[in-house]
Structures are given as structure tokens and as C-alpha cells.
There are 2 protein chains.
Amino acid sequence: MMKIAVDAMGGDNAPQAIIEGVEQARDMYSDIEFLLFGNPEKVKPFIKNEDRLTIVETTEEIEMGEEPVRAIRKKKDSSIVRAAKAVKDGEADAFLSAGNTGAVLAAGIFVVGRIKGIDRPGLTSILPITQPGSDRKSFVYLDSGANAESKERNLVDYAYLGKFYAENVLNVENPRVALLNNGAEEDKGDKLHKAVWQALNKEEGLNFVGNIESGDLLYGHADVVVSDGWTANAALKATEGTAKMLLTLIKNGIMNGGLRAKIGYLFLKPVFHKIGKVMKTSNYGGAGMLGLKAPVVKTHGSSDADAVKSTIGQIHAMLESGVIDKTVEFFSQESSVDKSEEN
Amino acid sequence: MMKIAVDAMGGDNAPQAIIEGVEQARDMYSDIEFLLFGNPEKVKPFIKNEDRLTIVETTEEIEMGEEPVRAIRKKKDSSIVRAAKAVKDGEADAFLSAGNTGAVLAAGIFVVGRIKGIDRPGLTSILPITQPGSDRKSFVYLDSGANAESKERNLVDYAYLGKFYAENVLNVENPRVALLNNGAEEDKGDKLHKAVWQALNKEEGLNFVGNIESGDLLYGHADVVVSDGWTANAALKATEGTAKMLLTLIKNGIMNGGLRAKIGYLFLKPVFHKIGKVMKTSNYGGAGMLGLKAPVVKTHGSSDADAVKSTIGQIHAMLESGVIDKTVEFFSQESSVDKSEEN
């Protein structure tokens, strides 16, 4: 039986959407138990069936705007800190939250803890490959915003973290790893990106396919795209914002296009529906913090029950695949090699 | 009479698309003369009417893949270097090319020359504001890729360069200036972006409205968005790539959606047509190098005659507005103030 520690209080639609998503996932996966951290008075009314659900009472909440590191130090009895602590203490196998992103990341790093040999965990999004005809449907993208300033070594770690995730959780054989850069050629980029290109190219354990530009992210040229957090964040937000804007433009055009446009919409509805589904990033799961000793996954603050359920499915796949153990094993060998080289 | 020096040999569709666009613009603007730099044997066959066109023979060409700075040093008789030289020597008022971007930029900096007081010119794109209902239709975006590593002072210069462009060429009163950053709040970003926020906020000559995230670029929150070249490039390419991908998905959905989808398309055609037009960035002109002593504008390598014509319209507006003189005047005062402060 897997145990997932859930922050029942975090997110715009908490606790209702969280509880609903948890119950849907519970009914779908017979091998998961849930610990729900939060205020029982607020949580209980939404529970339909207590099977494999345990409420753990917490008395504090970390708000969306709070300074993360300070918040997790101060609010020891918050749902975020307590859920992370349950993972650290072996009472749960993974931690899920839709709350304050920074606080979830900080709790992941300082409470759950990093895998030995990894300096900086990377926030990882699973993004859609929308290129028509592609046999791959998603790719691994990290570090999507956790670290504003990254070093060469961090990006090489991300390549391995992403590779293990793609192999074990997405079942991709020999995943193609690319570096997000400002041009396709080997010598593109600033000092950091040139150095990372050389480093990734030297790694025999990686199927490195070179640079990828931010305009080509959705085209399926790679299964893992690594980047410093700053650039990844700019490219991801621009991608999401543009997709949203274009769908708004189409909707607006239909609304203002009179009867003709509305009839057209009725005929094209299945096409739009399919595109909307492909582009809805929450269908691909939440943002996982890779490089920690257990799965810590942050689902979007605006997540509905469906998104919570998807994210639990993602955690289920992570736990079932043993991806963390394989990652730990690799980096423990790596760090002993590094040590012997240093001596 | 304005004189524009045109690189007739640069771009994927040169010289045909260049000549066609030039002739269309010539027929539209009675106050422009064109100097066409290139191989007369290749250029002449496409000219329909020689009115206000002069071919200037050049014997070399800079290819798309060549290392820019080396190319402009070596190929003194290339269409790019000669056209830039004509501007420097006062034989032309502006320079237009669809060729090797780096070479055009290098020719702009080293041949045409920087405005006194400006350390680094900024490559400037005019991008669409697509938010339905917005009364502004485009905004100024710089530095969109010229400089991989920027300093605080460069970004403050970009703010003024963009402001003067918006005021004089786009006729925007008191343009709103924003900083591209990884969050909306004052304290967001790395060290550089935090410092730039403070610097822009202090400038009394700017209507600074704070940070903007890359996902909000097309929403019309600002008339001028300044950024370091690295981040601007990542966000711009992601925006363009996502828009292209979504239009591909829709097209593909229609193609594979059977008769029903094709009928829907016929009804919705005017809506798609309008969106395609709004999103087509080449309708807004080429990428101008702001901070130089004369307009130097790079239009996309794949430009057709229409895009060349639009870009000439943009240069016409720049010359007519006197934006360069106003910029020169401002920075000459700035640099004398700086000097007196240093003493």
C-alpha cells in the first residue's frame, strides 16, 4: 500500500477540489492510502467516504503570498510542513500540495531532503508534445522555475533526473535530452550554456541531441529539455500565455462573428475540444520536485478535482516505477566517483 | 526626398521579393528614393519600372551562416557593408536588409555607428497587442536578441529608446514602460532585474508601470517592454512558436476532421483570417536597431514582398517623425549630465 500525504488546505479551490480529487483517485487506485493534513472542521464536510482516508489535524496555514522559507520555519503546524514531515518520518511515501509554491519547494528541500549528490533539485513540468503525428505525447522540462541562478553541474544533474523520469515514469526508451538555448548550433548561448553543451555532450550516459530553441518546445524534438530556471520560466510562461491568448482570440471571434461564426463553431467543436485537451497542461500532472528523497509534487493553485486526480496518478506512477531509488543509486555512485577523482 | 539603402541580395527570397516590395513601397510613398545594392545582373530582371530606383553594383555577398563581424570586415564590397556605408557617408538616410542578422547588426554598429551616449543599441521588434478590446494594437519590445549579456545601464537606455519610438513612430502618448521579469512584484528577479526595476522606477522621464511576465506580453499592459536580450529572445521565440503550433493544430484538425470540420472551417474562415492577420508579426514591420545614428532595419529572412513593403513603411515613419534626432538630443544631454556628475 502506498501512502500519500496531501495538503488539504492549499490552493484556490481547497479543501473541496482537493478532497474530490483525492476521492476520485482513491476509487481509481486500490493501492493508495491518503493522509489529509488540515483543519478537520473544514475538511470533513467534503468527504463522502472515509475509506483509505485519514485526516491529520493541523492548526496553521501558509498563505499564497507568504515568504516561503520564513513561513515553513515559523509555521511548524501548517498543513505543508506537517505533510512534508510525515514523508521525512516514513509515515508517507510522497507529498502533494496545491498551495504556496515556494513553501512547498522549501518544505521539499529542508524537510523531505535532497538525494545525496544533488546540489539543487529541479522543478519539473510535464509538457505536451503537440506536433501532429508524433508518437510521443509529452516531454520532461526542468528546471522550470525553482532556481534563478544555475551552475553547469546543476544542469547536468537535471539531465539525469529528467532521463530517469522519462525512462521510468513515461516509459520512454533511451530518452533524447536537449538543452534549451538561443540557437541550434553547438556554439550558441552565453558562457553557461556553451559550457553545459560541452558537458552534456561528454556524458556517455546521456542521449544528448543538442540545443533546442524555445519556439520548438512543443514539436517533440526531445523527451527531456533541461534549462536554467530563469530561461525555462520565461519560455514556459510565454508558451502558456500565448496558447491561452490564441484560444481567447478564437472564442472572441466566434462570439462577435454573428450567426455564421456560431454555426462554424458547432461544426468545429470536436476539433477545438481535442486541441483544448492536448494543450491543457494540467492533464499531464503537476510540477514535481526532482532530486528529493521522495516525490514532492506541486499541482497548480487553480487545480480542480480533475487536476488533483491526474497529479495523484502521476505520483502513483512515480512510486510504482521506483524512479527515486534508481536516481539515488545513480547519484550515490556518481558522488563516490567524484570523491575518488578529487583524491 | 528620403533615400533608403536596400540590400537587394539578402534573404531567402532575394532579390525578387525585395525588388517587388521596394516597387510596391515606391508606388505608395512619393517621397522615397531607393538605392539597391547588389549584382545588377541578378537585380535588373525583376525591376518593372526604374522610377526612383538606382542600382549600385556590389560584387560580394554575405551568406546566412557566416560569422558576422568577420564577414563585414572581410567583404567590404558586399551589399550589406556598402549599403551601410552609403548611410554613413550621407548618401542614404536608412538601411534595410533581409540578410544575415548578425552581419546587419554589426554593419549597423561598426559602419553606421552608435548615437553618442549609448553603449549598446537594442534590436527592437514591434509586436501585436492581441487582447480583444484593446485600443493599442502593438508594442515596442527590446532588446530582442542582440546582446546575450546586458547591464543595468543598457536596459535603462532601452527604456528611453523604446519610449521615443512609441511616442514618435507609433504616436502613443506617455508610453507605459514595463520590465520583462519572472514575476509581477517589485522584488522579483535575479540581481540584474531587481537593480533595473529600481533604476527604471527612479527615472522621472519614464512612465514606468513595473514588471511584466512573459505570459502577459500580448495582453497590452505596456507600450514598451524592455528586457535583456537573452530573456527577450527566449520569450519571443516561445510566443511565436506556440502561435504557429496552435494554428498548425487547428489546420490539422480541420484536414483530418472530415466533411463536418471542413464545413465548420468555411463558416469560421473570416474569424481565422482575422486572427492570422493579427498574429502575423511581419505586418508590424521589421526588427529595428535602435540607438544607431540612422534607421537600420532587419526584416525577416523569409520576408515576402508584402513584408518588405511594410518594413519600408516603418522606415518611412521613422524618418518622417524625426525620432533619431530626438533620441540624439536626449542622449547628448544625458551624457553631458553624466560627465558633469563625474567631474
Among A:Lys75/A:Lys298; B:Lys74/B:Lys151; A:Lys3/A:Lys151; A:Lys42/A:Lys74; A:Lys88/A:Lys298; A:Lys237/B:Lys116, the pairs whose Cα-Cα distance exceeds 25 Å are B:Lys74/B:Lys151; A:Lys3/A:Lys151; A:Lys237/B:Lys116
Listed by chain and number, the aspartates and glutamates with an alpha carbon less than 12 angstrom from that of B:Lys280, same-chain partners under 8 positions apart left out, are B:Glu240, B:Asp306
Asserting the computed 222 nm helical MRE of chain B (DSSP H runs at least 4 long, -39500 (n - 2.57) per run, divided by residue count, to nearest 500) equals -14500 deg cm²/dmol
Dividing the mean separation of Cα pairs under 8 Å (6+ apart) by the residue count of segment A:227-343 yields a relative contact order in percent of 15 percent
HN-Hα couplings for segment B:286-294 via Karplus (6.51, -1.76, 1.60; θ = phi - 60°), in whole Hz with x for Gly/Pro, come out as x, 8, x, 9, 8, x, 9, 6, 8
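Stretch A:Glu203-A:Asp119 to full length: gain in nm at 0.36 nm per residue minus the Cα-Cα span?
Here the segment from A:Glu203 to A:Asp119 would lengthen by 28.4 nm.
Of A:Lys137/A:Lys244; A:Lys293/B:Lys191; B:Lys244/B:Lys269, which pairs sit farther than 26 Å apart, going by alpha carbon to alpha carbon?
Exceeds cut-off: A:Lys293/B:Lys191.
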Per the rule of 0.36 nm per residue minus the C-alpha distance, extending A:Asp325 to A:Met255 adds in nm 20.0 nm
Candidate span helices, chain B: DSSP H, at least 27 Å along axis from Cα coords, Kyte-Doolittle average at least -0.5, result B:229-255, B:258-279
So for chain B, using the alpha carbon gyration tensor with a ≥ b ≥ c as root eigenvalues (a/c under 1.5 gives rounded; past that, a/b versus b/c decides prolate or oblate), I'd call it oblate
Where a ≥ b ≥ c are root eigenvalues of the Cα gyration tensor, a/c under 1.5 meaning rounded, otherwise prolate if a/b exceeds b/c and oblate otherwise, segment A:55-151 counts as prolate
Interface residues of segment B:216-232, defined as losing at least 50 Å² of accessible area versus the chain alone with a 1.4 Å probe, are B:Tyr219, B:Trp230
Label points for A:Lys269 built 7 Å along Cα→Cβ; distances to same position in the other copies, nm, shortest first, come to 2.4
Rounded to whole Å², per residue accessible area for chain A with a 1.4 Å probe reads 43 Å²
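Does segment A:254-343 come out rounded, prolate or oblate by the C-alpha gyration tensor, with a ≥ b ≥ c the root eigenvalues, rounded set by a/c under 1.5 and, if not, prolate when a/b is larger than b/c and oblate if not?
Cα axes put segment A:254-343 in the prolate bin.
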B:Ser134 and B:Glu149 label points (each 7 Å along its Cα→Cβ direction) are spaced in nm at 3.4 nm
Hull volume per residue for segment A:213-258, using the convex hull of the C-alpha atoms, in Å³ is 72 Å³
Which residues qualify? For A:Val296, with a placed amide H closer than 5 Å and at least 5 residues away or on another chain, they are A:Phe95, A:Met289
Here the residues of segment B:149-176 lying in the modelled label zone of A:Glu185, meaning backbone nitrogen under 18 Å from a point 7 Å along Cα-to-Cβ, are B:149
Dividing the mean separation of Cα pairs under 8 Å (6+ apart) by the residue count of chain B yields a relative contact order in percent of 22 percent
The rounded separation in angstrom of the Cα centers of segment B:271-336 and segment B:1-57 is 18 Å
A:Asp31 and B:Lys44 label points (each 7 Å along its Cα→Cβ direction) are spaced in nm at 8.0 nm
Reduced to Cα centres, the span from segment B:113-149 to segment A:196-248 in Å works out to 24 Å
Rounded to the nearest 5, the percent of DSSP beta bridges in the protein assembly as shown running antiparallel is 30 percent
Whole-percent carbon and sulfur contribution to the accessible surface of the protein assembly as shown (1.4 Å, no ligands, DNA or RNA) stands at 48 percent
Per 10 angstrom bin, beginning at 0 and ending with the bin that holds the maximum distance, the Cα pairs of the protein assembly as shown fall in percents of 3, 14, 21, 24, 19, 11, 5, 2, 0
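The values are calculated or read from the model by the stated rules, or taken from the named source; none is laboratory data. From a predicted model like this one, the values you see are computed outputs, not experimental measurements. Positions of Cβ are generated from backbone atoms using ideal geometry, with glycine treated the same way; all protein chains shown enter the neighbour counts. Ligands, DNA and RNA are excluded from the accessible area calculation, which covers all protein heavy atoms including side chains. Shrake-Rupley method; radii C 1.70, N 1.55, O 1.52, S 1.80 Å.
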